[in-house]
1. At 1.4 Å probe size, what's the solvent-accessible area of H85? Round to the nearest 10 Å².
2. What is the gain in length, in nm to one decimal, between K25 and V51 on full extension, counting 0.36 nm per residue of separation less the C-alpha to C-alpha distance?
3. Rounded to the nearest whole Å², what accessible area per residue is found for the chain with the 1.4 Å probe?
4. Report, in order of residue number, the helices in the chain meeting two criteria: a C-alpha extent of 20 Å or more along the helix axis, and a mean Kyte-Doolittle hydropathy of at least -0.5; treat each whole DSSP H run as one helix.
5. To the nearest 20 debye, what charge dipole does region 58-117 have about its Cα centre, counting +1 at the Cβ of each Lys and Arg and -1 at the Cβ of each Asp and Glu?
6. Between Q37, Q101, Q73, where does the largest GNM mean-square fluctuation fall for the chain, given springs only between Cα atoms within less than 10 Å?
7. Among (i) 165; (ii) 133; (iii) 124, find the value of volume of the Cα convex hull per residue in Å³ that was calculated from the structure presented, and write down its label.
8. Counting only protein heavy atoms, what percent of the accessible surface of the chain is carbon or sulfur at a 1.4 Å probe?
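The values are calculated or read from the model by the stated rules, or taken from the named source; none is laboratory data. Please read these numbers as outputs of a predicted model, since none were measured by experiment. Please note: Cβ atoms are built from the backbone with ideal geometry, for glycine as well, and neighbour counts cover all protein chains shown. To get the accessible areas, we keep the full protein, side chains included, count just its heavy atoms, and leave off ligands, DNA and RNA. Shrake-Rupley method; radii C 1.70, N 1.55, O 1.52, S 1.80 Å.
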Amino acid sequence: MGGGTLRITDLSALRPENFKLRNTKFLMDDSLHYDVQTHESRQQLRHSIWVVRNGDIRRVLEDFPRDEPVHDQCASWMHAVVGKHFFPDANHRTAIALLRQLLVENSINPGQWSPERTRQARDESHRVRREIDPIRLDTLYVRDELWDVWKRYFEDVFEPEPLEKS
């Protein structure tokens, strides 16, 4: 089965709280960088994470393009989560972690993604996001320059294969 026929069709493993929990883990892990300004406490940032409207995050799940090829789906996922920028920091890490979970839940082996290429894509994504119009709930899955950044990334690093059944 080639990458063109694999798709993420089941997002039932994720709820809005999973986004918040994953982002909070990045915030609370002292070994990881989370952008904390001098006037902000971790508690204030945690509050900022948890007041994000569940309905807004639910739109990412409900509107997800289930009928597209997996590379396009991955680019769309990153566009939606990174572009909307739900959290004070670690949106890219949160999006990648949850995407990898979705791939596994859909019996798609994500394999290893180059850390260097991932950093390049993240940096380019940050730059492009500043240059384009803000992503809104009604433009989560628009194909624009930000989507293109992530489409190129997944074409470079991801050779989708079905997970072996054990």
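1. 60
2. 7.8 nm
3. Details: 8880 Å² over 166 residues.
On a per-residue basis, 53 Å².
4. 70-84, 91-105
5. Rounded to the nearest 20 debye, it is 180 debye.
6. Highest fluctuation of the listed residues: Q37.
7. After the calculation, the listed value that fits is (iii).
8. On the way: 4070 of 8880 Å².
Roughly 46 percent of what the probe reaches on the chain is carbon or sulfur.
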